[in-house]
């Protein structure tokens, strides 16, 4: 599925009981994303198992204000590749659910997120009631100074059994098209309410730190 100027899959303000995009192939060339779920309300789960989303002009998945009443799955070889030339490109993620509220868990196990103009994962003010899972060779490859995975003001569950679970995660950030001599955190979680990164590791290139829990500098 591809469109030269609009999101090929436009689900802005969509209301449905369940949304399944398993195995979908979507290529976009629009600022609003290859898949646009802005303001959508999904009464059940959102499943993107094995989907491949790509956009050369913005986020691969734009989901500002998305509400999912159960779980959200971006897993099992799910890929999202984004790129932007906009002035705010450094804050636009390949996956961008700003202000999203997931009543269940967000599972990104075995996902591959990439962005050569900003963070791979950028989520401002998101809420996941039952945790976020970045494991089983989860990969986030970003560029610039904002971190490969950036969750400003996120509220991620609460102490066990809900958790942010990592394991065999590979995360790196590069400047421009390269990945060497990077001086930025790989995970940036300013203002997160609760976080458990036990079992997670990251691969960085001369990074100052792998994880940043400091105050965000927008």
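What follows is calculated from the coordinates using simple rules that are stated; it is not laboratory data. On a predicted model such as this, the values are computed, not experimentally measured, just so you know. Neighbour counts run over all protein chains shown; Cβ positions are idealised from the backbone, glycine included.
Residues 130, 18 in ascending order of nearby Cβ atoms (within 10 Å, fewest first): 18, 130. Residue order for 68, 137, 26, fewest other beta carbons within 10 angstrom first, comes to 137, 26, 68. In segment 59-100, inverting the average of 1/r over every pair of distinct C-alpha atoms gives 11.4 Å as the Kirkwood radius.
Given a Förster distance of 22 Å, report the FRET efficiency between residue 129 and residue 14 from their Cβ-Cβ distance, rounded to the nearest 0.05. According to the calculation, E is roughly 0.55.
Across segment 68-88, the residues whose backbone nitrogen lies under 15 Å from the label position 7 Å along the beta-carbon direction of residue 136 are 72-79. Direction-averaged projected area, Cα convex hull, segment 1-117: 6.1 nm², rounded to one decimal.
Ordered by the number of other Cβ atoms lying within 10 Å of each residue's own Cβ, fewest first, 66, 21 fall into the sequence 21, 66.
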